[in-house]
Amino acid sequence: MRSAKRSEQRLSLLTAINDRRMAFLESKTGNPQRDAETADLRRVIHEALEELPPKSRRVFCMSYVDGMRHQEIARQLGISVRTVEAHIYSALRILRKRLEGTRSLLKLFF
């Protein structure tokens, strides 16, 4: 009886381990390595965005994430279009420098 119970417990543990392994290997794209690289890339980009000065980050996100035009951003924030362009230029310069090591990875996705 004890032997049968131990065998049942081992089988249960092996099944749980196998389920976890399969969940890890299953991916949305069918390529777990690509999913891991995408997650790493998102993390790096998010960290780089967090390092931007707050005003530049806000203007950059309004432009690139929200898809707003420079005139709309300027009107909403009460700044000139030229200031919007300066914030975006500054943000892009900082992001390029910060993401220098990930350029080859970025090329794979974009």
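Things to note:
- Of all residues in region 47-105 being loosely packed, with under 12 Cβ neighbours inside 10 Å and basic (Lys, Arg), the one that is modelled with the lowest pLDDT: ARG103
- Residue in region 24-46 that is at pLDDT 85 or above and either in a loop (DSSP other than H, G, I, E, B) or open to solvent by 70 Å² or more (accessible area, probe 1.4 Å) (or both) present: yes
- Cβ-Cβ under 6 Å pairs, at least 6 apart or on other chains, region 63-81 side under 16 Å from LEU92 (Cα atoms), far side open to solvent by less than 100 Å² (accessible area, probe 1.4 Å) and assigned to a helix (DSSP H, G or I): SER63/ILE88; HIS70/VAL81; HIS70/VAL84
- Among the residues of region 10-23, those identified as at pLDDT 75 or above and of a type in the set (S, T, N, Q) are SER12, THR15.
The values are calculated or read from the model by the stated rules, or taken from the named source; none is laboratory data. These figures come from a predicted structure and were not determined experimentally. Positions of Cβ are generated from backbone atoms using ideal geometry, with glycine treated the same way; all protein chains shown enter the neighbour counts. What goes into the accessible areas is simple: the full protein's heavy atoms, side chains included, and nothing from ligands, DNA or RNA. Shrake-Rupley method; radii C 1.70, N 1.55, O 1.52, S 1.80 Å.
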